[in-house]
Amino acid sequence: MLELEEGELAVKVAREAIKRALRGERVKPEDFRFPEKFDERRGVFVTLHKNGELRGCIGFPYPVLPLKDALIKAALSAAFEDPRFPPVRAEEMERIRISVTILSEPERLNCRPEERPERIEIGKHGIIVRRGIFQGLLLPQVAVEYGWDPETFLAQTCLKAGLPPESWLDDETEVLIFTGEIFEEIEPEGRVVHVGL
């Protein structure tokens, strides 16, 4: 668990990393002062919204890097490498609101496929669906934003993975759940809040 000030730092670092990259500077974790918690390996996603619309979202679902490294890489990827959007331009930054979601380690649902919806708590869990070379992830806040029930959340995560929506009912499809702590700016470059779903 991160304290609010640590969440504020994560969001500020994400913004500063993007701004520095836009100036052509190389961005490294050593450029910032991080508390010890940021040395822990954690999954993290950085989401950018411009005028209320998604502008980029990239991250690391699994705890493969120290949080400080994953945070900077995710911020830069969300701004410049999300294939759904053109790279962010400097003049957009004053209209972009940033949120950072820190993930728990994903846990596999070990139950019969038809029991999976009962194990998913909307507003608490995000979902990862894996099958062969296909994988998709949706953050906990997505189900809340769209008003989905667990079955719809599972189906949408399957679609994100490039699978048919009912694939979550197959034994061959692996479903993992995780929780996320969300910290976001209430307005571009504004105060950072811890978001409860």
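Listing for the model above:
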{"item": "Which numbered condition residue 25 misses (of (1) closer than 30 Å to residue 131 by Cα; (2) outside the structural domain of residue 167 (by TED's automatic domain parsing); (3) surrounded by 11 or more Cβ atoms within 10 Å (Cβ to Cβ))", "result": "(1)"}
{"item": "Residue in the stretch 141-158 that is touching a strand residue (DSSP E or B) at 6+ places or on another chain (Cβ under 7 Å) and at pLDDT below 95 present", "result": "yes"}
{"item": "Among (1) buried (at least 18 other Cβ atoms within 10 Å of the Cβ); (2) of a type in the set (A, V, I, L, M, F, W, C); (3) modelled with pLDDT under 95, the one test that residue 9 misses", "result": "(3)"}
{"item": "Check on residue 83, in contact with a helix residue (DSSP H, G or I) (Cβ under 7 Å, 6 or more places away or on another chain) and surrounded by fewer than 20 Cβ atoms within 10 Å (Cβ to Cβ)", "result": "no"}
{"item": "Scan of the stretch 138-185 for residues that are among the aliphatic types (A, V, I, L, M) and free of Cβ contacts under 8 Å to residues at least 40 places away in the same chain, ordered by number", "result": "138, 142, 143, 154, 155, 159, 161, 163"}
{"item": "Residue match in the stretch 80-87 (condition: in contact (Cβ under 8 Å) with a residue 12 or more places away in the chain, acidic (Asp, Glu) and touching a Pro at 6+ places or on another chain (Cβ under 7 Å))", "result": "no"}
{"item": "Filtered residue count, the stretch 97-112, keeping only those that are more than 23 Å from residue 196 (Cβ to Cβ) and crowded, with 17+ Cβ neighbours inside 10 Å", "result": "1"}
{"item": "Residue 94 vs. criteria part of a helix (DSSP H, G or I), touching an Asp or Glu at 6+ places or on another chain (Cβ under 8 Å), surrounded by fewer than 17 Cβ atoms within 10 Å (Cβ to Cβ) and not assigned by TED's automatic domain parsing to the domain that holds residue 139", "result": "yes"}
{"item": "Residue within the stretch 147-162 that is of a type in the set (S, T, N, Q) and either farther than 13 Å from residue 128 by Cα or assigned to a loop (DSSP other than H, G, I, E, B) (or both) present", "result": "yes"}
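The values are calculated or read from the model by the stated rules, or taken from the named source; none is laboratory data. Owing to the predicted nature of the structure, the values given are computational and were not obtained by experimental measurement. Ideal geometry is used to build each Cβ from the backbone, glycine not excepted, and the neighbour counts take in all protein chains shown.
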